[in-house]
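Just so it is clear, none of the values below were taken in a lab; they were calculated from the coordinates. Since the model is a prediction, treat every value here as computed from it, not as a measurement. With ideal geometry, Cβ positions are generated from the backbone for all residues, glycine too; neighbour counts draw on all protein chains shown.
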Amino acid sequence: MNHVHTALASPLGLIDLYATAEGLTGVYFAEHRHRLAIAARDDARAAHLRHAARELEAYFAHELTHFTVPLSPAGTAFQQRVWRGLGEIAYGDTESYAALARRIERPLAVRAVGAANGRNPLSIVVPCHRVIAAGGALTGYAGGLPRKDWLLKHERAHKGATRGARHLHPEVG
C-alpha cells in the first residue's frame, strides 16, 4: 500500500495524517502510543489528506461534529467492530467501555474493547476519546490523558452551539 503523509498544526500539537488511495489510515500525535510505523511520502495535496485536514481544522474551530473523510484503518475484524462502535458515540457524549461492549453485542469483552480502543489508529476522527471508565473517570488515551481531557471539554463546551454545524464533503474547499 502506498501511503502519503502530512502534518497538521492543531491546538493539541502537531498531528500526523496518513492515507492511501482508499482513505485515511492514521491520525497520530507525535508521542502517540501504539503508533504504526508507516513508510509514506509527504504529499499535503493528496485528496484524503486535504479532506481530513479541512475537517480537523473545522472540528477545532467548532464548525464540525461529524467526520466524512473516507477511512481505511488496518485492524482485525473485532477491532473494526469496536471502531465502528466508537463512531456511533455522539459529539460531546461519553460512553463506558462496558456500555460500548454491550452495544457491539460483546458484553463480556470489556477488556478486549478497551484494548481495541487503545489501538485505534484514527484519533479524534474515530472518537476513542469519548470512552471513559464506568465511574466516569478518564482512563487511557494513546495521545495522553491531557489531550483526552481537552477534547472532551472542547466538545462539551460547544455541543449545543454546534447543532447546526456543517458536514464537510470532499469537494468543499
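Here are the numbers for this structure:
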quantity	calculated
Whichever residue in the stretch 44-73 is part of a loop (DSSP other than H, G, I, E, B) and in contact with a Ser or Thr (Cβ under 7 Å, 6 or more places away or on another chain) and, among such residues, is surrounded by the fewest Cβ atoms within 10 Å (Cβ to Cβ)	44
Residues satisfying the stated conditions in the stretch 1-43, i.e. among the small types (Gly, Ala, Ser), assigned to a loop (DSSP other than H, G, I, E, B) and touching a residue at least 12 places away in the same chain (Cβ under 8 Å)	10, 13, 21, 23, 30, 39
Meets criteria (charged (D, E, K, R) and either more than 24 Å from residue 156 (Cα to Cα) or surrounded by fewer than 20 Cβ atoms within 10 Å (Cβ to Cβ) (or both)) for residue 31	yes
Filter pass, residue 84 being within 21 Å of residue 57 (Cβ to Cβ) and among the basic types (Lys, Arg)	no
